[in-house]
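Peer 1: Structure in structure tokens, see below.
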Amino acid sequence: GVTRLLLTRIPFFKEIIVSSFSCDSCSWSNTEIQSAGRIQEQGVRYTLAVTSRQDMNREVVKTDCASARIPELDFEIPAFSQKGVLTTIEGIIDRAVAGLEQDQPTRRATDKEVARKIDEFIAKLRQLKEVNSPFTFILDDPSGNSFVENPQAPQRDEALVVTHYRRSPQQSALLGLEVDVRPPDAAEDLRDEVLQFNTNCPECNAPASTNMKLVQIPHFKEVIIMATNCDSCGHRTNEVKSGGAIEAQGTRITLRITDPSDMTRDLLKSETCSVEIPELEFELGMGALGGKFTTLEGLLKDIRDLVEKNPFTLGDSSTPSRAGKLQEFIGKLQEVKGKAQAHFIMDDPAGNSYLQNVYAPEEDPELSVQRYERTFEQNEELGLNDMRTEGYEPEAASGR
């Protein structure tokens, strides 16, 4: 075959290279375009409101790194899925239809239901060409080298919105550009570092170090994990602090434990959260065990350790009846970790606790999250009744 190259300039745009290939044997032909300039400083997004047949004839330069979308149909041509092309709005729709129809014969033989749905979608795409109802065409190019014609140039086109934006690091990496490295003292870089500061061991008072890390919990918020290790006595402790403010409402999370796999769910128990297992008649008040970021099995293990290592419950000062009841409780707790079904309830008036939804972002049938208004007593425990965040400065100044 023969490939022909043409360097041309599009008015009010830039120079491009048009390559055309044709084969005399099978009559196959193909046309592609490449930008003749460099990648632009900013990406570009064209948003066109298509309202008439004349809009379908607008020329479009779509590079291979550009994506095209029609929100009304929830339709998108991803970046790098097609070669660059010089065409029209109608031509882009025709190329999309041709791509969808390419494998339809095979689909009709193997999966008739999928083939039927694709045929319905193809019919919707073809109806767009008639412009019976307005729709939106969005062309997004991180390289800044795509183009949608303005037939009224150099005047402004009311139907066309051109937006220039700064590329994200991910988009720059896809284009093969070097991502700018921020200075090491930038505040955002603290999320990727483990901070360390000196402290004293709470057991032997020897000098020790505490590590602190900011962690983003998916579908929740940021938390601060703090861990202290003492080289002198071997004491280790870890604690979790909420990285955000107290929520406007309290949170009550209820999980129905039905399978041993529920033990692997991640959970965040803040220092203001209480835990309840109704089947065991067990309740752990707020403040006990402190803040923890662990799994459900890890929290139940901590509860067991709290019971077993308490000298007033199982030590020399305990009574036989009390010791028997606690041993029975530990046995039931082991059954919950294995096969017994139970309800696990976390009640946090501050709203800063979390239990993993393994079906996220869909609803979890075994997990329910209720938000409620705090009582006066709960606000008093959190110190909110006497806290003022607005209007305190003028009074403080006048009091002087």
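Peer 1: So what is the calculated 222 nm ellipticity per residue for the chain, using -39500 (n - 2.57) for each DSSP H run with n of 4 or more, over all residues, to the nearest 500 deg cm²/dmol?
Peer 2: Result for the chain: -7000 deg cm²/dmol, rounded to the nearest 500.
Peer 1: OK, next. Excluding same-chain residues fewer than 8 positions from K83, which lysines have a Cα within less than 28 Å of its Cα?
Peer 2: K14, K62, K117, K124, K129
Peer 1: Among I330, Q356, I303, whose Cα sits farthest toward the positive end of the charge dipole of segment 250-382 (+1 at Cβ of Lys/Arg, -1 at Cβ of Asp/Glu, about the Cα centre)?
Peer 2: I330
Peer 1: Moving on to the next point. 7 Å from Cα along Cα→Cβ at both E203 and E76: what's the point-to-point distance in nm?
Peer 2: In this crude spin-label approximation the distance works out to 5.2 nm.
Peer 1: Say the dipole of the chain comes from +1 at the beta carbon of Lys and Arg and -1 at that of Asp and Glu; which of F137, L177, A96 then lies farthest toward its positive end?
Peer 2: Of F137, L177, A96, it is A96.
Peer 1: Same structure, new question: Going by average Cβ neighbours within 10 Å, how do the peptides 64-77, 90-103 rank, with the highest at the top?
Peer 2: Sorting 64-77, 90-103 by mean packing, highest first, produces 64-77, 90-103.
Peer 1: According to the square roots a ≥ b ≥ c of the eigenvalues of the Cα gyration tensor, what is the shape class of segment 250-382, taking rounded for a/c under 1.5, prolate for a/b larger than b/c otherwise, and oblate for the remainder?
Peer 2: Oblate, because a/c is 1.5 or more while a/b does not exceed b/c.
Peer 1: Can you work out the accessible area per residue across segment 42-175, with the rest of the protein chains kept in place, probe 1.4 Å, in square angstrom?
Peer 2: Accessible area per residue, segment 42-175: 54 Å².
Peer 1: Calculate the dipole size of segment 250-382 relative to its Cα centre from +1 charges on Lys and Arg beta carbons and -1 charges on Asp and Glu beta carbons; express the result in debye to the nearest 20.
Peer 2: 360
Peer 1: Next question, about the same structure. Show me, bin by bin at 10 Å from 0, the whole-percent P(r) of the chain based on Cα pairs.
Peer 2: P(r) for the chain, in whole percents per bin: 4, 14, 17, 16, 15, 15, 11, 6, 2, 0.
Peer 1: How would segment 195-242 be classified by its alpha-carbon gyration tensor: rounded, prolate or oblate, with rounded meaning a/c under 1.5 and the a/b versus b/c comparison settling the rest?
Peer 2: Prolate.
Peer 1: Assign one of three labels to segment 9-165, namely rounded, prolate or oblate, based on the Cα gyration tensor with a ≥ b ≥ c the square roots of its eigenvalues; rounded applies when a/c is under 1.5, prolate when it is not and a/b is larger than b/c, and oblate otherwise.
Peer 2: It is oblate, given that a/c is not under 1.5 and a/b is not larger than b/c.
Peer 1: If the chain between L6 and T258 were fully stretched, how many nm would it gain, using 0.36 nm times the residue separation less the Cα-Cα distance?
Peer 2: 83.9 nm
Peer 1: Cross-link candidates for K241: which lysines have Cα within less than 30 Å, leaving aside residues fewer than 8 places away along the same chain?
Peer 2: Partners within reach: K213, K221, K269, K292, K301, K309, K337.
Peer 1: Run the accessible area of segment 250-382 with a 1.4 Å probe and give the carbon-and-sulfur part as a rounded percent.
Peer 2: 49
Peer 1: Could you give the dipole magnitude of the chain about its Cα centre, charging the beta-carbon of Lys and Arg +1 and that of Asp and Glu -1, in debye to the nearest 20?
Peer 2: 1160
Peer 1: A further question on this structure: Taking the Cα centre of segment 199-256 as origin, sum charge times position over the Cβ atoms of Lys and Arg (+1) and Asp and Glu (-1), and report the length of that vector in debye to the nearest 20.
Peer 2: 300
The values are calculated or read from the model by the stated rules, or taken from the named source; none is laboratory data. Note that the coordinates shown come from a computational prediction; the quantities given were computed from them, not determined experimentally. Quick reminder, even Gly has a Cβ in these numbers, built from the backbone with ideal geometry, and neighbours come from all protein chains shown. Protein only, heavy atoms only, side chains kept; ligands, DNA and RNA dropped before computing areas. Shrake-Rupley method; radii C 1.70, N 1.55, O 1.52, S 1.80 Å.
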